[in-house]
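> There's a structure below that I have some questions on.
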């Protein structure tokens, strides 16, 4: 009984997670022209919800996301190109509104930091591997060699004895 209840709750939660993003765009927002609606969906999928911040406005149920979806559709219906719509939104909200900010002087650090960190990490790893490879091994003294051989012989004898027992 408890397993069935837990399974039902988990199944319900799983279906809710997928349904919320599909319900974000309301029927009253959809444009009559299918070509314009496809463009609107493509644009809104790349625009950040200013409230949720890690969701596109296409996936967000926030009122501001709805306002931005409507604004995108109004601009497209007025005849703006995709670039003009994006430029308009960036002029109002800055590069932050774009889920994938453009490569410009203001965003060079944003795009360059991962590359810089990967390069530095690879350099440190290479330097560390070269340092460890250069370490000269100190030869064992005769007394140490004898102790090592004796330990290895004892280990071999123990293995042989265990093999006979099994």
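> Quick check on packing: order 90-97, 61-68 by the mean number of other C-beta atoms within 10 Å, highest mean leading. It would help to have the intermediate numbers written out before the result.
On the way: 90-97: 13.1, 61-68: 16.5.
Listed from highest to lowest mean packing, they are 61-68, 90-97.
> Another one. Using 1/(1 + (r/R0)^6) with R0 = 41 angstrom and r between the beta carbons of residue 64 and residue 127, what's the FRET efficiency to the nearest 0.05?
Values: r = 48 Å, r/R0 = 1.18.
That gives a FRET efficiency of 0.25.
> Stretched out fully, how many nm does the piece from residue 80 to residue 116 gain, at 0.36 nm a residue minus the Cα gap?
The span from residue 80 to residue 116 would gain 9.2 nm if fully extended.
No lab work stands behind these numbers, since they all come straight from the coordinates. Nothing here was measured: the structure is a model prediction, and the numbers come from that model. In this analysis, Cβ positions are derived from the backbone assuming ideal geometry, glycine residues included, and neighbour counts consider all displayed protein chains.
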